[in-house]
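Here's the structure we're looking at; comments come further down.
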Amino acid sequence: MSIAENIRRVEESVAKAALRAGRCEDSVRIMGVSKFFSREAVDVAREAGLRLFGESRVQEAESKFDFLKLAEREGKYRDFELRLIGSLQRNKAKKAVELFDGIDSIDRLELIECLGGLTASRIKPLNVLLELNSGEEQKGGFRGEDELRRAVERVLEFGGLKLCGLMTVAPLSNNTQVARNAFRSLFSVKEKLALEFGAEYFFEVSMGMSGDYEIAIEEGATLVRIGTAIFGERV
Ligand SMILES: *Cc1c(COP(=O)(O)O)cnc(C)c1O
């Protein structure tokens, strides 16, 4: 299977899952997760129509997506978005805010302060998602509704940050109910916070990866992050 064929296949199952859930087909966007894959693979995926990419590491993304900055400097229009989906260390934050259109993996208060400081003088704010930890000890993310609420309050204090919603990674399990429960709780926290703070800060729900994206869509995902099912196994 080629990358282009994989993209078509994923698009079809995304549309089917959305319809099954009584949702509109275009209410779910596909992010191509290109970590570990080459610039060439990204080019093929772009040719095939993918417009949103996610990377886990700043350095890897920087070398692969250097053409983005070039295009920007030359004032070229780009209908293309790159977001960070992995944990961000403080010493890479400056690079990250220059390179990424959004940071989808905000996992601690310290990072909010750091990014808020770095983006204070921006005209176009940096899009951010707050990550909820879905129960795996070694993984990042805010734990529970109260921690998330404090994070929301903090983000809203910074004019350079634009809160767009929430993200989570479901715990690894053979039991699909485990992922479903994780997605369901993210969606329900999202609903609560949207009522409290305003729906305009919570339009994005990023959940679901190659193994569980159809479940995520049934539970309300607006964005699914697909690596393996598009680019193949990471070796
Ligand atoms: C790697 C990664 C993905 C993609 O995982 P696949 O199972 O290959 O689709 C999605 N989200 C995050 C946060 C990741 O790190």
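What the table below lists for this structure:
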{"item": "Any hit, the range 183-194, residues being within 15 Å of the ligand (Cβ to nearest atom) and open to solvent by less than 10 Å² (accessible area, probe 1.4 Å)", "result": "yes"}
{"item": "Residue that is modelled with the lowest pLDDT, among those in the range 62-85 that are surrounded by 19 or more Cβ atoms within 10 Å (Cβ to Cβ) and within 16 Å of the ligand (Cβ to nearest atom)", "result": "K64"}
{"item": "Residues located in the range 10-54, provided they are within 15 Å of the ligand (Cβ to nearest atom), free of Cβ contacts under 8 Å to residues at least 40 places away in the same chain and closer than 15 Å to R234 by Cα", "result": "V42"}
{"item": "Check on A151, within 13 Å of the ligand (Cβ to nearest atom), at pLDDT 95 or above, open to solvent by less than 70 Å² (accessible area, probe 1.4 Å) and among the small types (G, A, S)", "result": "no"}
{"item": "The lone exception for A179 - which of (1) open to solvent by 20 Å² or more (accessible area, probe 1.4 Å); (2) within 18 Å of the chain's Cα centre (by Cα) it fails", "result": "(1)"}
{"item": "Residues of the range 206-235 classified as assigned to a helix (DSSP H, G or I), buried (at least 22 other Cβ atoms within 10 Å of the Cβ) and near the ligand (Cβ under 9 Å from one of its atoms), total", "result": "3"}
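The values are calculated or read from the model by the stated rules, or taken from the named source; none is laboratory data. What you see is a predicted model; the values in this text were computed from it and never measured. Here Cβ is always computed from backbone atoms with ideal geometry, including for glycine, and neighbour counts include all displayed protein chains. Surface accessibility is based on the protein's heavy atoms, side chains included, excluding ligands, DNA and RNA. Shrake-Rupley method; radii C 1.70, N 1.55, O 1.52, S 1.80 Å.
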